[in-house]
Amino acid sequence: MGRKRHTPEEIVAKLRQVDVLVSQGQTVDAAARSIGVTQTTYHRWRNEFGGLKLDQVKRLKELEAENARLRRAVADLTLDKVILTEAAPGKLLSPARRRACIERVRAVTGISERRACRVLGQHRTTQRKAARTPDDEVRLTADIVELARQYGRYGYRRITALLQAAGWMVNRKRVERIWRREGLKVPQRQPKRGRLWPADGSCVRLRPERPNHVWAYDFVEDRTHNGRRFRMLNVVDEFTRECLAIRVARKLKGADVIEVLAELFITRGTPEHIRSDNGPEFVAKALQGWIAALGAKTAYVAPGSPWENGYIESFNGKLRDELLRSEIFYSLREAQVLIEAWRRHYNTVRPHSALGYQPPAPEVTLWPAAQPRPAPPATPPTETASIH
């Protein structure tokens, strides 16, 4: 059997026993043999624990254990710093990047997978799971890039809606992952507009409740390539968000507003309210009397408060952002054709975020009031009917 390993408390007790024996007249050698150790061991113990009491020995053990923990902690922190230094500057935002980073760190430092995953915040299950690329990834990526090229002002949410309308069984998260992987983005972030509340905090009382309840109209200006100005009169149904008309001309006056509204009243019916700002074309007495004679009411916003006419202002911003800033019009006729084509695209194809990413007026959707009624059963011919 090997020699017994004495604890510090036992060593201090034996040293006190030797002190008592020496005080009784025994020699150090004889006293050391009486406690079962050699004289050399006794002197080594004396140099290490001489003069210490039992409580001091316990405190010494605690300090040694604490020092050992601190040394391990410093070593762990140093290793963590080495791992983070070898990983990459900045944040690793995706599991795939963390997976590749952990493999590289392990190859350089030789640490375990468990340690690298813990430091870099990667779950070990995620690290060991083999990434699988779907079979349709290449085709989906090509379609996303093509839609982003075609509609430069659309984000991945509207691109997702267009893909789903085209028959893709894909969710927003997958499109967002491909979108970011391909480095796609919508440039020039637009400033946010205020909500449809006035400055005093009270809510606007007139709210659209159904189609043809509230229309809104406003003017937008732009220039052709030769620098000449032209104007656009935009008319929007606030409930359906559908753009009812865009009249493009070099000059638009009150008579032109009446002409546009007359065409819409004939084809769409007369709305209950028409909202606008206080422009001279809209506050003209002839226009007000003409609208009132047809049973509609005007709703003017407060002067200097365009946010009260938020629906048409939002539409104007989309028109300018998605078309006017990206097209060069070499003639007024070209502007009329392109703007009308964009209006039809806006109504029937473009996903609208306020409508659950559905277009305002898709060709296959009818409002309940306009649903076709079933045809009555055919009446059988009578015997007296004559056939020619």
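The values are calculated or read from the model by the stated rules, or taken from the named source; none is laboratory data. This structure is a prediction, so every number in the text was calculated from the model and none was measured. For neighbour counting, all protein chains shown are included, and Cβ atoms are generated from backbone atoms with ideal geometry for every residue, glycine included. Side chains are part of the model used for accessible areas, which takes the heavy atoms of the whole protein and leaves out ligands, DNA and RNA. Shrake-Rupley method; radii C 1.70, N 1.55, O 1.52, S 1.80 Å.
Descriptive notes on the structure:
- Residue check, E221 open to solvent by 70 Å² or more (accessible area, probe 1.4 Å), among the charged types (D, E, K, R), modelled with pLDDT of 90 or more and part of a strand (DSSP E or B): yes
- Among residues of segment 232-259, those that are open to solvent by 40 Å² or more (accessible area, probe 1.4 Å) and assigned to a strand (DSSP E or B), counted: 1
Yes/no per residue for (1) part of a helix (DSSP H, G or I); (2) modelled with pLDDT of 75 or more; (3) not polar (S, T, N, Q):
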{"site": "K4", "(1), (2), (3)": "no, no, yes"}
{"site": "Q17", "(1), (2), (3)": "yes, yes, no"}
{"site": "A32", "(1), (2), (3)": "yes, yes, yes"}
{"site": "E48", "(1), (2), (3)": "yes, no, yes"}
{"site": "D55", "(1), (2), (3)": "yes, no, yes"}
{"site": "D76", "(1), (2), (3)": "yes, no, yes"}
{"site": "R99", "(1), (2), (3)": "yes, yes, yes"}
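- All positions within segment 292-307 that are surrounded by 15 or more Cβ atoms within 10 Å (Cβ to Cβ) and either closer than 11 Å to E272 by Cβ or in contact with a Phe, Trp or Tyr (Cβ under 8 Å, 6 or more places away or on another chain) (or both): A296, A299, Y300, W307
- Annotation note: of R114, R69, the sole residue that is assigned to a helix (DSSP H, G or I), at pLDDT 75 or above and more than 30 Å from V12 (Cα to Cα) is R114.
- Restricting segment 308-351 to residues that are aromatic (F, W, Y) and open to solvent by 40 Å² or more (accessible area, probe 1.4 Å), the residue that is nearest to R241 (Cα to Cα): Y311
- Residue match in segment 269-282 (condition: modelled with pLDDT of 90 or more, part of a helix (DSSP H, G or I) and not β-branched (V, I, T)): no
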